[in-house]
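What follows is a set of notes on a single structure, which appears directly below.
Coordinate-derived values only; no laboratory data. Source: prediction; values computed, not measured. Don't worry about glycine lacking a Cβ; one is built from the backbone with ideal geometry, like all the others, and counts go over all protein chains shown.
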Amino acid sequence: MRLGRLSCAGMLLMLPWWVLAQDVPRERQTALKALLHQDCGSCHGMTLQGGLGPSLLAKDLGNKPDEFLIETILNGRPGTAMPPWNSLLTRDEATWLVRMLRSGSENSPSHP
Ligand code: HEC
C-alpha cells in the first residue's frame, strides 16, 4: 500500500522540523509565507481555513503523514485542482511549509 510506505517516511519526519528544514534562509521563509497566503490562499482560503482546496489548518491536517502532504505540494494531485509546485519550491521548502502548518503559526506575522 502506497500510503503505508508513506507513513513510515512520515515517522522519519517526526524529527524536529528545524533539523530537516534548516536550509531555508530567513528571507526565504518570509517569501514562503507570502506565497502561502497569496498563491495557496487563492484556493485554500485567505486564512487557509479552506475554499476550493481543503483547510490547511493544523487541526484539519490531522494525522495525515507529513511526507504525504509534502508530496502533494511538490507534485500536486493529478485529477484535482491542486497543482505541482516543484518548479517553485524545493523539498526543503515544502517540508518547511508543512512543519509551519503543523505548528499552527501560518497566520502569525512572523515565524516562529
Ligand atoms: C488552484 C487551486 C490550488 C492552489 C493554488 C493550491 N492548492 Fe493545495 N489543494 C487544492 C485542492 C483542490 C486540493 C485537494 C485535492 C484532493 O481533492 O485530493 C489540495 C490539497 C492540498 C494539500 C493536501 C491537503 C490534505 O488534507 O490532504 C496540501 C498540503 C496543499 N494542497 C497545499 C498547498 C500549498 C502549500 C499550496 C501553495 C504552494 C497549494 N496547496 C496551492 C487546490 C489548490
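Exposure proxy shown here: for Ser105, Ser87, Ser42, the number of other Cβ atoms within 10 Å sets the order, fewest to most, as Ser87, Ser42, Ser105.
Computed from phi, the 3J(HN,Hα) profile of segment 69-78 under the Karplus parametrisation 6.51, -1.76, 1.60 (θ = phi - 60°) reads 6, 5, 4, 4, 5, 6, 10, x, 10, x Hz, with x in place of Gly and Pro. On full extension, the segment bounded by Ala58 and Ala31 gains 7.7 nm, given 0.36 nm per residue less the C-alpha separation. Using R0 = 30 Å, the C-beta based FRET efficiency linking Arg91 and Asp39 works out to 0.95.
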